[in-house]
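Take a look at the structure below.
Read-outs: derived from the displayed coordinates by stated rules, not from any lab. Every value quoted in this text rests on a predicted model; they were computed, and no experiment measured them. Cβ: placed from backbone, ideal geometry, glycine included. Neighbour counts: every protein chain shown.
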There are 2 protein chains.
Amino acid sequence: MSTSSYADGAAYVRGRFVPIAEATIPVTDWGFTRSDVVYDVVHVVKNGFFRLDDHLDRFEHSMQQRRIRPPEDRAAIEAILHRCVALSGLSDAYVAMVASRGRPRVAGSRRPADCDNHLIAYALPWIDVIPKDVQERGAHIWLASTPRVPDASVDPTVKNYQWSDLTSGLLEAHDEGFDTAVLFDAQGFLTEGPGFNVFIVKDGKVSTPDRGSLHGITRKSVLELCAELGIEAAVEPIPGTDIEHADEVFLATTAGGVMPASRIGGRILGNDRPGPISLKLKQAYWARHDEGWHRTPVRPLEAAE
Amino acid sequence: MSTSSYADGAAYVRGRFVPIAEATIPVTDWGFTRSDVVYDVVHVVKNGFFRLDDHLDRFEHSMQQRRIRPPEDRAAIEAILHRCVALSGLSDAYVAMVASRGRPRVAGSRRPADCDNHLIAYALPWIDVIPKDVQERGAHIWLASTPRVPDASVDPTVKNYQWSDLTSGLLEAHDEGFDTAVLFDAQGFLTEGPGFNVFIVKDGKVSTPDRGSLHGITRKSVLELCAELGIEAAVEPIPGTDIEHADEVFLATTAGGVMPASRIGGRILGNDRPGPISLKLKQAYWARHDEGWHRTPVRPLEAAE
């Protein structure tokens, strides 16, 4: 079997594996028309998933919170992710799992419980949230004026596609010539940005927000690396003024790892380059990948196929 | 040309007209993966659009606010809507227009400005937000504990698919045996529900929230009808306690018109049936349809086709 048609990415939709170009959902799917959908993204580096179990745990938490339950169980989902990567032939990949509300079984119903929930999965060539050259010089981060949606309205620990506030922050950032943005909640506390958690470093201590944020797997890795490296770290409320007075700032995401910043709003950090603790954590994060930390090798396609 | 394949609905996607069953978007479209999309819905009754210009005005406002601009101009969009309805052969229809961010022209870009925005449209058989039998007895409305997303985070006058808070309210309502829910903002003021505006009636005066709500076209129609009928009406802040002490409550939406309620939370309104002012407005709303109020006849398919 040729896998050439999967070179741009391989997907699983409606129970079938297809090239990514053929992976679609109906325009009437509530995953689209109500953004009634949860997802997760795990990365593959050098043919190994990173922290696959953590991503599957979080995906299950998200599905449970929104009462979305596709027919595939956890073992089936895991096998589908492996197969998407293997079909794509990619050694480095961005691998998505998506659970959508779907459409009502009963024509005309507007009840979520009447819908056929379904799973979508796909492996794509790796794309960093922040381009590599920008990561080298350090990201320029805008302090968005759009407030983050409150946790009570939309739980940020349930990974979702409702990015309007984050996209507003991104549009602000691009208008001002910045790479990306971080948002604050209505009380002025730091939250997160479009696709990443944020960390600040002050007097040698690393902090990340306790609110308005996804419980990121890279964020978790950073906290573990801090413990290993003897760097003080905390998950805590961070008033907006603290990021403006930080010694260093860095971002953390599955699609890019640890990404240092060099400018925050109008302020230049240090010597306008990534700071030393940020770089140390970035280096450790990738070094631990090479050592096989939390690694699950991608299963090859069966010989029979 | 046979239109039989369009009987379940007709759609326009990627520049082509297709049966609704073939109308899809890529799973990687940002309209899905970031809910970076705006839409509007107009209804057709007896082969006539209702307030089509008002819906097109609002759709243009939504697109402008989110900087989404498909290649089709207003006249083209209008012609596409007419053609979807004509192809479907439906005399009563629910007609959607959707503008999605699309996908980046530049591989790997994460910038909204790099995307090819695109238009989706479709006509479906009419579906009321509240089933007709429920409308007859009056809707049972749950007072949701989930707070509405604040206007500052996501502008509710930009019609969007980010329904998580509304869906949470709906799940609460169904758990409690109610038909649907209304939400309150963090300050306790009444906002709207999943797919409709809400009105209260107290001592003969009709009120609807000035915040946390879409500027509904049916809401606008109700306010105009109140003026015609000599009923006092206001758009104003409505504290949560006011809906609990209302004489009547009704909902307003394109997909159902004026829909009276008979129960609010644990409270039974009047004689557990729709109230007199609600019914008067409902009757006037449909009577004015029959008189051709704000009506645009659906253009027939060309004879040549």
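Listed values, structure above:
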| read-out | value |
| --- | --- |
| Shielding by other protein chains, B:18-24, mean Cβ within 10 Å | 3 |
| Cα long-axis angle, helix B:276-290 against chain B (0 to 90 degrees, to the nearest 10) | 30 degrees |
| Exam field: B:ASP53 pseudo-label spacings to other copies (7 Å along Cα-Cβ), nanometres | 6.5 |
| Size of electric dipole in the range A:4-125: Cβ of Lys, Arg +1 and of Asp, Glu -1, about Cα centre, debye, nearest 20 | 460 debye |
| Packing-based order for A:151-162, A:268-279, using average beta carbon neighbours within 10 Å, highest first | A:151-162, A:268-279 |
| Helix axis angle, B:74-88 relative to chain B longest principal axis, alpha carbon, degrees | 80 degrees |
| Length-normalised contact order for chain B - Cα pairs under 8 Å, 6+ apart - percent | 19 percent |
| Computed label-point distance, nm, for sites B:ASP54 and A:LYS132 using a 7 Å Cα→Cβ extension | 5.5 nm |
| Dipole magnitude of the range B:132-290 about its Cα centre (Cβ charges: Lys, Arg +1; Asp, Glu -1), debye to nearest 20 | 360 debye |
| Rg and Dmax [Cα atoms of the range A:132-290; Å; Rg one decimal, Dmax integer] | 14.3, 41 |
| Peptides ranked, highest mean first, by Cβ atoms within 10 Å: ranges B:218-228, A:80-90 | A:80-90, B:218-228 |
| Neighbourhood net charge (13 Å Cβ-Cβ; Lys/Arg +1, Asp/Glu -1) for A:ASP151 | -4 |
| Local electrostatic count, A:VAL98, Cβ distance below 14 Å [Lys/Arg +1, Asp/Glu -1] | +1 |
| Average beta-carbon neighbours from other chains, 10 Å sphere, peptide B:29-38 | 6 |
| Label geometry 7 Å along the beta-carbon vector: A:HIS215 inter-copy distances in nm | 4.2 |
| Protection proxy ranking of B:289-297, B:250-258 - average other beta-carbon atoms within 10 Å, highest first | B:250-258, B:289-297 |
| Within 10 Å of each Cβ in B:146-155, the average number of Cβ atoms from other chains | 6 |
| Using a Förster distance of 45 Å, the FRET efficiency for B:GLU236-A:ASP247 (Cβ separation, nearest 0.05) | 0.35 |
| Two-site FRET efficiency, A:GLN187 against A:ALA79, from Cβ-Cβ distance with R₀ of 51 Å, rounded to 0.05 | 0.70 |
| Net charge of Cβ neighbours under 11 Å - reference B:HIS245; Lys, Arg +1; Asp, Glu -1 | -2 |
| Shape category assigned to the range A:147-217 from the gyration tensor of Cα positions, a/c cut at 1.5 | oblate |
| Residue-wise HN-Hα coupling along the range B:166-178, computed from phi with Karplus coefficients 6.51, -1.76, 1.60 (Hz; x: Gly, Pro) | 5, 5, 4, x, 5, 5, 4, 4, 5, 4, 8, x, 9 |
| Close Lys-Lys pairs in chain B, where close means Cα under 20 Å and separation is 8 or more or interchain | 13 |
| 222 nm mean residue ellipticity, helices alone, for chain B (DSSP H n ≥ 4; -39,500 (n - 2.57); rounded to 500) | -8500 deg cm²/dmol |
| For A:ASP272, label point 7 Å along C-beta direction: distances to other copies, nm | 7.5 |
| Simple spin-label estimate for A:ASN47 and B:GLU224 in nanometres, 7 Å along Cα-Cβ | 6.8 nm |
| Phi-based couplings in Hz for the range A:64-73 (Karplus 6.51, -1.76, 1.60; Gly and Pro marked x) | 4, 4, 9, 6, 10, 9, x, x, 6, 7 |
| Dipole of the range A:132-290 [Lys/Arg +1, Asp/Glu -1 at C-beta], most positive-end residue of A:CYS226, A:GLY169, A:GLN283 | A:GLN283 |
